[in-house]
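**Student:** What follows is a single structure, and I will ask about it in a moment.
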Ligand code: PMP
């Protein structure tokens, strides 16, 4: 009798399970649109020039690896603040933002969730329906009751904004609302600037706690454009949370580079909040790793390198947009009668294609085209070589 006799097998991660199935698929035409990763036009994971240059520089003077401070590399945290709020913005210059380096965007969310659980143990967390699949699990494991607000409108192919606003309006004061700052995962539909204004008004009026998940800053319309939503919450005089991920924007998935920023009412308050964020980090993993944060700091804090990054990020963004258009055109050319132009109104890495589970299963089994059962496809994995095949395959199951 082992102490593990009663341990149940946990369900497989749906996305990683798809990856395994994809790897085992012998179809020479197979295309993986399941996982949320940007590939270049050759189907390769890019190593950005700015990253390579920063790493080569670092290798010239290799350094010993002491522990980082609990909140990470100071130059990194400052660069994150600048990116999220604007380097010359009032929140940054007045010192009322507490930012910590975190293990990916996931780590930023988890540190924030642990801190919030101590601060407001009885609060409910609201996530969008649907949302990134880890939101629910992460806030549940931090001890919260997690519910959802309406988001996707399948019929009208867009956001059920009235439903979303009504749910926020009905939420109890203190409810934590997780909002996708840009490039909504999984649907690809963002709300408009005017709709954000309404969300900000409700968050303020109902005294909700906004937690903005910014995993794709720069992947939508641009760095400043995607970050503009943060300014709306600042201008409303709110205090709130922002998690940042550089996984996609720096193509540094495996380095786990992210952050959590908390906008507080004053510098003095930010000091106290920072001390509590450090406890959440200390009791989880003590302090963050060096490499990814050092690379991102070296790029963001050097104007020439940063310019290279902005150019490379712009190229990724433009390629995704071009693929969306090619996808729409290709589906039409392949004989799809339905208007698929909604694909170009979506933004970021993903497209909710509107295909049913049965159609997605057929795509996988008959054509080796892998997306999730929900109909989500990663358009950032389309390229000039696989696009025609994908369009023809989708046309055949539609
Ligand atoms: N939030 C959202 C909405 C995401 O899509 C992702 C990554 N897929 C994350 C957070 C996590 O980012 P990271 O991989 O940096 O932990």
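What follows draws every value from the coordinates through simple rules; no lab data is involved. Given the structure is predicted, the values throughout are model-derived calculations rather than measurements. Counting neighbours? That spans all protein chains shown, and the Cβs are built from the backbone with ideal geometry, glycine included.
**Student:** Between residue 225 and residue 1, take the C-beta separation as r, use R0 = 51 Å, and let me know the FRET efficiency to the nearest 0.05.
**Tutor:** Numbers: r = 60 Å, r/R0 = 1.18.
The calculated FRET efficiency here is 0.25.
**Student:** Suppose the Debye formula is applied to equal point scatterers at every Cα of the range 323-377; what is log10 I(q)/I(0) at q = 0.31 Å⁻¹?
**Tutor:** Scattering profile of the range 323-377, log10 relative to I(0): -1.26.
**Student:** Expected output is a single nm value to one decimal: the length gained when fully extending between residue 129 and residue 155, i.e. 0.36 nm times separation in residues minus the C-alpha distance. What is it?
**Tutor:** 7.9 nm
**Student:** Limiting things to C-alpha atoms, what are the Rg and the maximum Cα-Cα separation (Dmax) for the chain, in angstroms?
**Tutor:** 21.4, 63
**Student:** Going out from 0 in 5 Å bins, what whole percent of all Cα-Cα distances in the range 306-398 drops into each bin?
**Tutor:** 2, 15, 24, 26, 17, 7, 5, 3, 1, 0
**Student:** Which one, 228, 297, 172, has the greatest fluctuation when you compute a Gaussian network model over the chain with C-alpha springs under 10 angstrom?
**Tutor:** Fluctuation is largest for 172.
**Student:** Relative contact order for the chain using alpha-carbon pairs under 8 Å, separation at least 6, rounded to a whole percent?
**Tutor:** Averaging sequence separation for qualifying contacts and normalising by length gives 26 percent for the chain.
**Student:** Can you give the FRET efficiency to the nearest 0.05 for residue 338 and residue 40, using r as the Cβ-Cβ distance and R₀ = 30 Å?
**Tutor:** Rounded to the nearest 0.05, the efficiency is 0.50.
**Student:** With everything on Cα atoms, drop me the angle between helix 387-397 and the longest principal axis of the chain, reported from 0 to 90° to the nearest 10.
**Tutor:** Tilt relative to the chain: about 70 degrees.
**Student:** Using the count of nearby Cβ atoms within 10 Å as a rough guide to exposure, how do 285, 76, 352 rank from fewest to most?
**Tutor:** Working: 285 14, 76 28, 352 23.
Sorted ascending by nearby Cβ count, the order is 285, 352, 76.
**Student:** If you average the C-alpha positions of the range 325-357 and of the range 229-274 separately, how far apart do those two centres end up, in angstrom?
**Tutor:** Using only Cα atoms to place each centre, the spacing works out to 33 Å.
**Student:** Given a 10 angstrom Cα cut-off, can you work out which residue in 148, 63, 89 is the most mobile in a GNM of the chain?
**Tutor:** 63
**Student:** Turning to a different aspect of this structure: Could you give the Stokes-Einstein D for the range 256-315 in µm² per second, using the C-alpha Kirkwood radius, 25 °C, 0.890 mPa s?
**Tutor:** Stokes-Einstein gives a translational diffusion coefficient of 177 µm²/s.
**Student:** Report, in degrees rounded to the nearest 10, the 0 to 90 angle that the Cα long axis of helix 74-85 makes with the longest principal axis of the chain.
**Tutor:** Rounded to the nearest ten degrees, it is 60.
**Student:** How large is log10 I(q)/I(0) at q = 0.11, 0.24, 0.25 Å⁻¹ when the Debye formula is applied to the Cα atoms of the range 91-190, each weighted equally and without solvent?
**Tutor:** Log10 I(q)/I(0), no solvent term: -0.38, -1.30, -1.33.
**Student:** Add -39500 (n - 2.57) for each DSSP H run of 4 or more in the chain, then divide by its residues: what number comes out at 222 nm, to the nearest 500 deg cm²/dmol?
**Tutor:** That comes out to -14500 deg cm²/dmol.
**Student:** Could you put 47, 68 in order, starting from the residue whose Cβ has the fewest other Cβ atoms within 10 Å?
**Tutor:** 47, 68
**Student:** Okay, moving on. Taking the Cα atoms only, what angle lies between the long axis of helix 104-119 and the longest principal axis of the chain, rounded to 10 degrees?
**Tutor:** It is inclined by approximately 50 degrees.
**Student:** What is the range 145-188's relative contact order, in percent, from Cα pairs under 8 angstrom and six or more apart in sequence?
**Tutor:** 29 percent
**Student:** Quick one: of the DSSP bridges fully inside the chain, what percent are antiparallel, nearest 5?
**Tutor:** Roughly 50 percent of the DSSP beta bridges within the chain come out antiparallel.
**Student:** Which value, in nm² and rounded to one decimal, describes the direction-averaged projected area of the C-alpha convex hull of the range 80-119?
**Tutor:** Dividing the Cα hull surface by four gives the mean projection, 3.1 nm².
**Student:** Regarding the range 1-72, what is the average projected area of its C-alpha convex hull, in nm²? Before the final figure, lay out each step's value.
**Tutor:** Values: hull surface 44.4 nm².
Orientation-averaged projected area of the Cα hull: 11.1 nm².
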